[in-house]
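K.L.:
Shown below is the structure under consideration.
Rule-based calculations on the coordinates, nothing more; no lab input. This one's a predicted model, so the numbers in the text were calculated from it and none came from an experiment.
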Amino acid sequence: AWHTAHHKKGKLYLEDIWTNYEKLGLYANKNNHKHNFEYYMNRPYAIKRDKAKCSVCKTFVYPESVEVHHRKPKLPIDKVNKVANLTTLCPKCHNYVHSNVQIMELNPTQSKKILKLREELKKTDTV
């Protein structure tokens, strides 16, 4: 598993991430036009950049639970799936970003990150 390799060698390899996505059957979703080929190619790069940790709470994310969030989902299709517009989140933090519920269990720094990601959802400018 790629998380084992990560802990043993201190490195995260893109090949390991991609292999696990293929095993989990994470392919393009017909209902979500943003999840195109570019999205699935750039996803592992975003996860590697974020060191396989949630960008909000910094917990390690496993292949079966990792969520890659579009910071500015309203960008045009040629910009929305760029690595700079993708960030790694755990399911709990991703739910916080997409809901308006009050953030109770996170520390002030984490809450601030959630609020920033919520604000970015509204933006349509360039990355």
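K.L.:
So which of Lys48/Lys116; Lys51/Lys74; Lys51/Lys123; Lys51/Lys82; Lys72/Lys92 end up more than 24 Å apart by C-alpha? Let's see the in-between values first.
P.N.:
Values: Lys48/Lys116 22 Å; Lys51/Lys74 26 Å; Lys51/Lys123 26 Å; Lys51/Lys82 18 Å; Lys72/Lys92 19 Å.
Beyond 24 Å between Cα atoms: Lys51/Lys74; Lys51/Lys123.
K.L.:
Using amide H atoms built in the peptide plane, which far-off residues or other-chain residues are under 5 Å from Ser55 H to H?
P.N.:
Thr88, Leu89, Cys90
K.L.:
Grab every C-alpha pair in segment 60-127, bin the distances at 10 angstrom width from 0 up to the longest one, and report whole percents.
P.N.:
Distribution as computed: 20, 49, 28, 3 percent.
K.L.:
Which length gain, in nm to one decimal place, applies between Tyr45 and Ala84 when the Cα-Cα distance is subtracted from 0.36 nm times their residue separation? If you can, show how the numbers build up before the last one.
P.N.:
Values: separation 39, 0.36 × 39 = 14.04 nm, distance 0.98 nm.
Once the chain is fully extended between Tyr45 and Ala84, it gains 13.1 nm.
K.L.:
Okay, moving on. Residue separation times 0.36 nm, minus the C-alpha to C-alpha distance between Leu121 and Ser65: what's the value? Kindly include the intermediate steps, with their values, before the conclusion.
P.N.:
Numbers: separation 56, 0.36 × 56 = 20.16 nm, distance 2.16 nm.
Gain on stretching Leu121 to Ser65: 18.0 nm.
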